[in-house]
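Here is the structure we will look at, set down as structure tokens.
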Amino acid sequence: MKYIGNKTRLLDFILQSMKESEIPFQGNFFDAFGGTGAVGRCFKENGFSIISNDIMTYSYINQYVNVFLNEMPTFEKLNLGTIEDVIDYLNGIEGREGYVYENYAPEGKCQRKYFSNENAKKIDAIREEIENWRKRELINIDEYYVLVSSLIDAADFVANISGTYGAYLKIWRSMALKPIKLKRPEIFSNNMQNYIYKEDINELIFRVSCNVLYLDPPYNARQYSSNFHLLESLAVWDKQELRGKTGLRNDINKLSKYCMKKESLVAFQELIEKAQSDYIVMSYNNEGILHREDIIRILERKGELKEYTKEYRRFRTEKDNEHRKYKDCGDKVTEHLYIVKVYK
């Protein structure tokens, strides 16, 4: 999944920096801004029990499958067979016009081009079937989230977007015209108890203690609730009345202070002051709302600070043009990794 701030390409850098800082790879690892779950999954595979949090529902569901679960559920009550059989059944469902078709397809009432007509109808049919199974208690919550997560990933793969759902493309990208196909999620077991939350991190931080606190807050003013609104609609399936050309949801309660210039510094300072951990590891790039000097000042109050940097290609959601401007020239940004050994 293309995702603002996704750390998949930086996982080796984070792992190596933590090892150089002699952080013990044991105990619990708290991924406070979970996003796609890539970081939580990585450290689940590297010796930690995971605590993960994100305010967005689609992220929570993805982390439920990739972080919380340690084994694939059985889907016994469905009497369709294994997870592979269930996925095959859903992939074979005939599409039908519904909420996704009407709101996100060109021939629907809103004429948006997020999905082809056929893929939109297929998503409707699959999502309704999953919901009906849950209402009839034919699947439990583990099984429900496995299937919804699979559908969200598959829908994202064929979405007619350049990176986020802030806008759809006027011309169809080749992947958007391929038939949608669900795949079996891969679940890794760390043989430990893992925990996930869907809360405002500045409220949750008071209640969670950990060995390693990993922070990857939003860098800029692009709210995830508006840039990934379609995935949220598939996750919660509340069939909201959408607004505007791009079909935005009413998710004002999911706005992040870390995307707001006037509130981000106060929120960050409060978060660090209330953190209960042995180590703090924070990812942030050189184009973020928070200034490096403020980050260093606040973190140094908490403990002994080390800083690591890595240059990488920026996340893009559109082709370059004369109207697109970045803080620095070129196609590179610098990731700063701050590692704090907390004073006792």
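The values are calculated or read from the model by the stated rules, or taken from the named source; none is laboratory data. This structure is a prediction, so every number in the text was calculated from the model and none was measured. Using ideal geometry, Cβ is built from the backbone for each residue, glycine included, and neighbour counts are taken over all protein chains shown. Side chains are part of the model used for accessible areas, which takes the heavy atoms of the whole protein and leaves out ligands, DNA and RNA. Shrake-Rupley method; radii C 1.70, N 1.55, O 1.52, S 1.80 Å.
Taking a cut-off of 24 Å, what percent of all Cα-Cα pairs in the stretch 113-229 are separated by more than that? Everything past 24 Å amounts to 48 percent. Ranked from largest to smallest solvent-accessible area, with a 1.4 Å probe on the protein heavy atoms, Leu213, Leu138 come out as Leu138, Leu213.
Roughly what % of Cα-Cα distances in the stretch 202-275 sit above 20 Å, to the whole percent? That tail contains 45 percent of the Cα-Cα pairs.
Summary value for the stretch 139-199: 33 percent relative contact order, contacts being C-alpha pairs under 8 angstrom separated by 6+ residues.
Here the contact order of the chain, divided by its residue count and restricted to Cα pairs under 8 Å and six or more residues apart, works out to 19 percent. Taking Lys and Arg as +1 and Asp and Glu as -1, the other residues whose beta-carbon sits under 13 Å from that of Gly92 total -3.
Hey, how much of the P(r) for the stretch 128-185 falls beyond 15 Å, as a percent of Cα pairs? So the pairs more than 15 Å apart make up 56 percent of the total in the stretch 128-185.
Convex hull volume of the Cα atoms of the stretch 166-218, normalised per residue: 185 Å³. For the stretch 1-160, compute Rh as the Kirkwood radius over C-alpha pairs and then the Stokes-Einstein diffusion coefficient at 20 °C and 1.002 mPa s; write the answer in µm²/s, rounded to an integer. D = 122 µm²/s.
The lysines whose alpha-carbon is closer than 18 Å to the alpha-carbon of Lys109, local same-chain residues fewer than 8 away aside, are Lys121, Lys122, Lys170, Lys239, Lys245. Scattering from the stretch 39-129 was approximated by placing one identical point on each alpha carbon and applying the Debye formula without solvent; log10 I(q)/I(0) at 0.13, 0.15, 0.16, 0.19 1/Å stands at -0.66, -0.81, -0.87, -0.96. Electrostatic tally near Cys110: other residues with Cβ closer than 12 Å to its Cβ, Lys and Arg +1, Asp and Glu -1, net +2.
Solvent-accessible area of Ile252, all protein chains in place: 130 Å² (probe radius 1.4 Å, heavy atoms, ligands and nucleic acids excluded). So, with a 1.4 angstrom probe, what is the percent of accessible area on the chain that is carbon and sulfur? Using a 1.4 Å probe with all protein chains present, the chain comes out at 47 percent carbon and sulfur. Farthest towards the positive end of the charge dipole of the chain, among the residues Ala167, Ser17, Ser226, is the Cα of Ala167, using unit charges on the Cβ of Lys, Arg, Asp and Glu.
Identify which of the listed values of percent of Cα pairs over 37 Å apart was calculated from the structure shown: (1) 24; (2) 20; (3) 16. Identified label for the calculated read-out: (2).
Every helix of 4 or more DSSP H residues in the chain counts as -39500 (n - 2.57), and over all residues that averages to -9500 deg cm²/dmol at 222 nm.
The alpha carbons of the stretch 194-318 give a radius of gyration and a Dmax of 16.6, 50 Å, in that order. Applying the Kirkwood pairwise sum to the alpha-carbon positions of the stretch 1-77 produces a hydrodynamic radius of 13.4 angstrom.
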